[in-house]
Structure formats: C-alpha cells, structure tokens
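Every number in this text was worked out from the coordinates using simple rules, so none of it is lab data. Everything numeric here is computed off the predicted structure, so don't read it as measured data. When we count neighbours, we look across all protein chains shown, and the Cβ atoms used for this are built from the backbone with ideal geometry, even at glycine.
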Amino acid sequence: MEQTIASVSFMVAMTILAYKVRIIDKYGAIVALPVGFIILYFGSILWFFILLIFFITGSLFTKYKYRQKQSMELAEDNGGARSWKSVVANGAPAAAFAILYYLSHNNPIFTLFFTGSISFALSDTVATEIGLLSKSKPRSIVTGKKIDTGQSGGITIQGEIAALIGSLLIGSICGLFLSEDAFSQMHVILPAAITGGMIATNIDSILGATIQVKYKCLNCKKNVEEMTIHCNLPVVQEKGISMVDNNVVNLLAAFIGGLVSASFIILH
C-alpha cells in the first residue's frame, strides 16, 4: 500500500513538473494524470518511467531551435507544450497495452506492444522535429516528389536517421528495464523496438500523405494542417478525411508500431 501511494505521488509530482516546465499544457496535464495512473497501476512504475522518458526527450527535440521553426511557421503551438490530444494520441495506446498486460497476467507480448508504441512515438517526434530543419525539401513518401517542409507525408534523410536513433534509444531502455523472460530480453526487445518504430513512423507518413486532412490558404496557397485563419481568411479543406488529423494518424500508427513489435514473439 505504501509503495502504491509513493508511486502515485511520484506520478502526480512528475505531471505537475511537466506542466511547470511546459512539456505539457494545462489540459494535457489533466489528461496525463489518468493515463499515467493506468500505466502505473496496470503496467508498472518502470512503464511509467519509460513513458516519461519519451515525453521529456520528445519535448527537448520539439523545443530544439524552436525560434527557427517558429520563423518558418512550423513550430508547435504553446511553446511546444503538448496538448491533451497529443497526450491521448501518444499515451492511450500505451495505457491500453498496460491494461491488457495486467488482464493477461503479465503476458510478455504486451510488453512488446508497449515498447513498439513508445518507440514509434519517439521516432516520429524526432523525425519530424529534425526533418523540419533539413536544408533540403522533404519528398513525399507516396510520390517521391518534393513537397513543402512541414507537410505530412514528407520524409528526409535526417528525419529517418533521427527516427532510427529514437527507436534505438527506446529499445535499449526497454531492453534494460523490461526484460522478464525469454520473450522479453534485450535481443528480442531491441530489434522489435527498432522495427516497430521505423515501420510505424513511415506508415504514419503514408497515412499523413493519403488520408490526413489538409487545408490550403486561398490567398497565398500555403498548405496547412489545421482549420485556422491564414492571411486573414479561413483556410479551406483541400484533401483528406476531415476527422483524421495528425493526432488521429499518430494514434493509429502507435497501435501499428505495437503490433509490429509484438510479432517478434512469434518470430523468436
């Protein structure tokens, strides 16, 4: 009981700290509390710790050269602090896998599901933030043609390398802390995390290029990804599915990353 109280107190303290240092905004912090509790209770404090590493590392990359991204109109809103939608997109799959892990009496397949979802989350974040700073324009993962920087569906060499490093980091940490039996040792978790993270990151780009909603400014013809006002005019939807924004794409790709990583139990 005392250990549970201490763990929950730690989670609440970390959430408050994350809000104070603007890793998440106010509503993001409110949503992060139940998500964190689910992961802590049904997974373990180590699962929560790994999720925390993702949010901290992802935030650092989001804030990296933030002013430059801001001048390009490509920076995240709120100084890079994650919104509640972002917390759900990146945390809900991990929370779902934690519940399934508990209900299955700690079946290691859900350890790999969790690992793959977090590996994708970090890989996608660092690929995006580093790719925005590329001197070369990204290319559409679908057509291979150059597209505007910041447009979903684009990939860069720098972004792909950053994604690989992100998945390697999460895979190494999960391998160190979550090894429980023969199916969740470093030699299984690490390649599972890298494969799941990289495949899901690129599937995220494919979904971003095909079904994610995109808007265009009628005045300057600039492509944007949110319903907003640009050049004092409301943007209009150009393509994609209206309810499928970047957060929905991230949510789908996180589950895909988990599924790819979990398949390594079958291959083992």
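Principal-axis analysis of the Cα atoms of the chain puts helix 45-63 at an angle of about 20° to the longest axis. Largest first, the extents of the alpha carbon coordinates of the stretch 194-248 on the three principal axes equal 44, 18, 15 Å. Here's how it looks for Lys239: its modeled amide H is under 5 Å from those of Lys214, which are all 5 or more places away or on a different chain. Using a ≥ b ≥ c from the Cα gyration tensor of the stretch 131-195 (square roots of the eigenvalues), is it rounded, prolate or oblate, where a/c under 1.5 gives rounded and otherwise the larger of a/b and b/c decides, a/b for prolate? Prolate, since a/c reaches 1.5 and a/b exceeds b/c.
Computed from Cα atoms, the angle from the helix 2-20 axis to the main principal axis of the chain rounds to 10 degrees. Backbone phi angles across the stretch 204-221, fed through the Karplus curve with coefficients 6.51, -1.76 and 1.60 (θ = phi - 60°), yield HN-Hα couplings of 4, 5, 5, 5, x, 7, 10, 10, 5, 5, 9, 10, 9, 6, 5, 8, 9, 6 Hz in residue order; Gly and Pro are listed as x. Legend: calculated FRET efficiency, Ile30 to Leu60, from the Cβ-Cβ distance at R0 = 30 Å, rounded to 0.05, equals 0.85. As a ratio to 2.2 N^0.38 Å, the alpha-carbon radius of gyration for the chain is 1.00.
Is the shape of the stretch 1-158 best called rounded, prolate or oblate, per the rule: a/c under 1.5 gives rounded, else a/b larger than b/c gives prolate, else oblate, with a ≥ b ≥ c the square roots of the Cα gyration tensor eigenvalues? In terms of gyration-tensor shape, oblate.
Placing +1 on the Cβ of every Lys and Arg and -1 on the Cβ of every Asp and Glu, with no other charges, gives the chain a dipole of roughly 1000 debye about its Cα centre. Rounded to the nearest 10 degrees, the inclination of helix 157-177 to the longest alpha-carbon principal axis of the chain is 10 degrees. Could you tell me the calculated FRET efficiency between Thr4 and Tyr102, based on Cβ-Cβ distance and R0 = 22 angstrom, to the nearest 0.05? With a Förster radius of 22 Å, E is 0.95.
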